[in-house]
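For reference, the structure is listed below as structure tokens.
The values are calculated or read from the model by the stated rules, or taken from the named source; none is laboratory data. Worth saying up front: this structure is predicted, and the values here are computed from it rather than measured. No Cβ is skipped: glycine too gets one built from the backbone with ideal geometry, and neighbour counts run over all protein chains shown. Heads up: the accessible areas ignore ligands, DNA and RNA and are worked out on the full protein's heavy atoms, side chains in. Shrake-Rupley method; radii C 1.70, N 1.55, O 1.52, S 1.80 Å.
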Amino acid sequence: QVQLVESGGGLVQAGGSLRLSCAASGGTLYDMGWFRQAPGKEREFVSSIRWSGSSTYYGDSVKGRFTISRDNAKKTVYLQMNSLKPEDTAVYYCAGRVVFGGDYIYWGQGTQVTVSS
């Protein structure tokens, strides 16, 4: 059973930066992703990265501002968020899946990111 633990959320002013971390334990994943959900809105894909190779993916709303990376030795994925906007305010979740194209079946508990204007 894979466990995912996020950290790094908080309150930041617009234009600022935050880095989220997600540590995985207990199994092997094909890739990990970040999603977010704001109050009253549907969950939105933010970014994902494979555990091997260099493939990364980003949602349109964060391209050019967010960067996903990983540390294989620590089994940790990071989301560097720059030029934050109030509309980035949400609970951010990391997720993992075991096959390409499969559903994300492992989820972290979520971490709140609040961007003030």
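Sparse packing (at most 14 other Cβ atoms within 10 Å of the Cβ) combined with a DSSP loop state is found for the following GluC sites (Glu not before Pro) in region 1-106: Glu42.
Largest first, the three principal axis extents of the alpha carbons in region 40-79 are 37, 20, 14 Å in whole numbers. Across region 64-115, Cα-Cα pairs more than 18 Å apart make up 45 percent of the total.
Share of carbon and sulfur in the accessible area of region 54-102 stands at 51%, probe radius 1.4 Å. Dividing the Cα radius of gyration of the chain by 2.2 N^0.38 Å, with N the residue count, gives 0.99. Extension gain, Arg43 to Phe100: 0.36 nm times the residue separation minus the Cα-Cα distance gives 18.5 nm.
Straight-distance candidates among the lysines for linking to Lys85, with alpha-carbon spacing under 25 Å and chain neighbours fewer than 8 residues away dropped: Lys41, Lys63. Comparing Ile49, Ser61, Trp34 along the charge dipole axis of region 25-65, the residue lying farthest to the positive side is Ser61, per the Cβ-charge model. Ligands, DNA and RNA are left out, and with a 1.4 angstrom probe the accessible area of region 1-71 is 54 Å² per residue.
Excluding residues on the same chain fewer than 8 positions from Lys74, give the aspartates and glutamates whose Cα lies under 15 Å from its Cα. By straight Cα distance, Lys74 reaches Glu6, Asp31. Distance between the 7 Å Cα→Cβ label points at Trp51 and Ala23: 1.7 nm. If exposed means no more than 16 neighbouring beta carbons inside 10 Å and the site is in a DSSP loop, what's the longest run of the chain without any exposed trypsin sites (Lys or Arg not before Pro)? It works out to 75-117.
Split the accessible area of region 1-52 by element, probe 1.4 Å, and carbon with sulfur accounts for 47%. Here the extension length gained between Gln1 and Thr67 equals 21.0 nm, from 0.36 nm per residue of separation less the Cα-Cα distance. Sparsely packed loop sites in region 35-102 (the chymotrypsin sites (Phe, Trp or Tyr not before Pro) outside DSSP H, G, I, E and B with at most 11 other Cβ atoms within 10 Å) comprise Phe100. Between the amide H of Leu84 and those of Gly15, Gly16, distances stay under 5 Å, these residues lying 5 or more places away or on another chain, with hydrogens modeled in the peptide plane.
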